[in-house]
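The block underneath contains the structure these notes are about, expressed in structure tokens.
The values are calculated or read from the model by the stated rules, or taken from the named source; none is laboratory data. Treat the numbers as computed from the prediction; the structure is a model and nothing was measured. Backbone-built Cβ (ideal geometry, glycine too); neighbour counts: all protein chains shown. Accessible surface is based on the protein model in full, side chains and every heavy atom, while ligands, DNA and RNA are left aside. Shrake-Rupley method; radii C 1.70, N 1.55, O 1.52, S 1.80 Å.
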Amino acid sequence: VNSQFDFSVQFDNLAPAELGLLLFALGQGEPRLRPKLGGSKPACCGSIEIALTEVKVMDMAAAYAQYDAAPATADAGVYLVAAKELVLPGQLRELAELLRYPGERECPDRNY
């Protein structure tokens, strides 16, 4: 309970809308998703909240043209807006309701 850890996600060749979908899956869009991690998910365990600290992207064409190119910090909101064209709002709301924490459903009090 209340554990914290740092991690990074690396990706290659994502279009802006695809990166936006990745950010949605990590719980950065609206409605906010609460991803699950680990075991015992049917027993109401494993809900996590991801606090995004930064998004860095590298323009590969610039990287090939320039020897010391480095990733640039990007605005996550730009990618979330781009992803709206790929997201079905009704299904996204239903998924957010299923992943909501704390949920309204009863958790089993025994093995499942």
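Given the options Y67, G39, L99, identify the residue whose Cα lies farthest towards the positive end of the charge dipole of segment 20-110 (+1 on Cβ of Lys, Arg; -1 on Cβ of Asp, Glu).
My answer, from the dipole projection, is G39.
May I ask you to list the residues of segment 33-68 whose amide nitrogen lies under 20 Å from a point 7 Å from Cα along the Cα→beta-carbon direction of E106?
The answer is 41-45, whose backbone nitrogens lie closer than 20 Å to the label point.
Taking Rh as the Kirkwood radius computed over C-alpha pairs, what is the Stokes-Einstein D of segment 16-87 at 4 °C in a medium of viscosity 1.567 mPa s, expressed in µm² per second?
On the way: Rh = 14.0 Å.
Rounded, D is 92 µm²/s.
Using a simple charge model, +1 on the beta-carbon of Lys and Arg, -1 on the beta-carbon of Asp and Glu, nothing else, what dipole does segment 1-51 show about its Cα centre, in debye to the nearest 20?
Numbers: 4 positive and 5 negative charges, 60 e Å.
It works out to roughly 280 debye.
Compare P31, P71, P89 in a GNM of the chain, Cα atoms joined below 10 Å, and give the one with the largest fluctuation.
P71
What part of the accessible area of segment 8-75, given as a whole %, is carbon or sulfur when the probe is 1.4 angstrom?
Numbers: 2440 of 4540 Å².
The computed percentage sits at 54.
In square angstrom, what is the accessible area per residue of segment 26-86 with a 1.4 angstrom probe? Don't skip to the end; give the middle numbers.
Working: 4060 Å² over 61 residues.
Accessible surface, normalised per residue, equals 67 Å².
Can you give the charge dipole size of the chain about its Cα centre, rounded to the nearest 20 debye, using +1 on the beta carbon of Lys and Arg and -1 on the beta carbon of Asp and Glu? Mind showing how you got there, number by number?
Numbers: 10 positive and 15 negative charges, 90 e Å.
That gives the chain a dipole magnitude of about 440 debye.
For a quick check: with amide H placed at 1.01 Å from N, whose amide H comes under 5 Å from S47's, ignoring anything fewer than 5 positions away on the same chain?
Correct list: L37.
Among the aspartates and glutamates, which have Cα under 19 Å from the Cα of K36 when same-chain residues fewer than 8 positions away are ignored?
By straight Cα distance, K36 reaches D6, E49, E94, E97, E104, E106.
Pop out the ³J(HN,Hα) list for segment 92-101 in order, Karplus 6.51 cos²θ - 1.76 cosθ + 1.60 with θ = phi - 60°, rounded to Hz; leave Gly and Pro as x.
5, 4, 5, 5, 4, 5, 5, 8, 4, 9
Cut-off 10 angstrom, C-alpha nodes, Gaussian network model of the chain. Which of G20, G29, G77 fluctuates the most?
Looking only at G20, G29, G77, the biggest GNM fluctuation is shown by G77.
Could you work out which residue, out of E85, E49, E18, moves most in a Gaussian network model of the chain, that is, has the largest mean-square fluctuation with Cα springs under 10 Å?
Among E85, E49, E18, the largest mean-square fluctuation in the Gaussian network model of the chain belongs to E85.
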